[in-house]
Amino acid sequence: MKNLILIVALVFISFGCQSQTTPKNEQEKSEIKPSKNEDGEWDITVLDSQFDYFLNAIAKPMNQYSEPYLKSKNAILVSEWNSYYFSGRYRNIVESSIEYDPRENYGLKFEYKLYQVFVFVNWKYKLRLNGLSGSDAFLR
């Protein structure tokens, strides 16, 4: 009886220790995509619980930015972010790529929120992004 229990335990342990037989599909890349909310406005979801605090208490107000300014900054920052993602740099911070089309009219709220995502990453993780404006890059 002891031998039977030992054999069954060894079988379960050996199956439990086997490596994954199907490798992760390289085409299954994590990606942040803009989506429209119930009101038909573009929105982006940030899963970090401190982002809302940052947006309400630390970030500069939306009226300090113009939409064309944010659109040009976001195009640069998304490009920089995606280059970090695809090169594997800062893997512990940059965990997904961002799908962003600078020709799309996302609206001021979306452009502001996306820009603040980059400012937030700089503020929380101290990841220096070259596309940030000087005052936002040193926001503490």
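Here is a list: Ser97, Ser79. Which entry is within 19 Å of the chain's Cα centre (by Cα), open to solvent by 60 Å² or more (accessible area, probe 1.4 Å) and under 17 Å from Ile32 (Cα atoms)?
Answer to the selection: Ser79.
Give all pairs with beta carbons closer than 8 Å in which a residue from segment 93-108 that is within 10 Å of Trp81 (Cα to Cα) meets a residue that is of a type in the set (A, V, I, L, M) and open to solvent by 20 Å² or more (accessible area, probe 1.4 Å); count only pairs at least 6 apart in sequence or on separate chains.
Qualifying pairs under 8 Å: Ser96/Ile32; Ser97/Ile32; Ile98/Ile32.
Does Asp39 fit the bill of being without any contact (Cβ under 8 Å) to a residue 40 or more places away in the chain and among the acidic types (Asp, Glu)?
Yes; evaluated as a whole, the condition is true for this residue.
Would you point out which residue out of Asn92, Asn122, Asn130 is open to solvent by less than 10 Å² (accessible area, probe 1.4 Å), more than 19 Å from Asp43 (Cβ to Cβ) and polar (S, T, N, Q)?
Asn122
Just to check your reading of the model, which residue among Glu111, Glu104 is in a helix (DSSP H, G or I) and open to solvent by less than 70 Å² (accessible area, probe 1.4 Å)?
Of the residues listed, the single one that is in a helix (DSSP H, G or I) and open to solvent by less than 70 Å² (accessible area, probe 1.4 Å) is Glu111.
Table: residues versus (1) loosely packed, with under 14 Cβ neighbours inside 10 Å; (2) modelled with pLDDT of 95 or more; (3) not small (Gly, Ala, Ser).
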site	(1), (2), (3)
Ser66	yes, yes, no
Leu70	no, yes, yes
Lys73	no, yes, yes
Gly134	yes, no, no
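For residues that are over 14 Å from Arg128 (Cα atoms) and either assigned to a helix (DSSP H, G or I) or aromatic (Phe, Trp, Tyr) (or both), tally how many sit in segment 66-78.
9
Looking at segment 79-93 only, could you name the residues that are over 17 Å from Ala137 (Cβ atoms) and either modelled with pLDDT under 95 or not in a helix (DSSP H, G or I) (or both)?
Gly88, Arg89, Arg91, Asn92
Quick check on my filter: what residues within segment 51-65 are without any contact (Cβ under 8 Å) to a residue 12 or more places away in the chain and either outside any helix (DSSP H, G or I) or β-branched (Val, Ile, Thr) (or both)?
Selection gives Pro61 alone.
Does any residue of segment 41-51 turn out to be of a type outside the set (Phe, Trp, Tyr) and more than 18 Å from the chain's Cα centre (by Cα)?
Yes: segment 41-51 contains one or more residues that are of a type outside the set (Phe, Trp, Tyr) and more than 18 Å from the chain's Cα centre (by Cα).
The values are calculated or read from the model by the stated rules, or taken from the named source; none is laboratory data. Bear in mind the structure is a predicted one, so any value in this text is a computation, not a measurement. All Cβ positions, glycine included, derive from the backbone under ideal geometry; neighbour counts span all protein chains shown. Areas reflect the complete protein model, heavy atoms only, side chains present, ligands, DNA and RNA absent. Shrake-Rupley method; radii C 1.70, N 1.55, O 1.52, S 1.80 Å.
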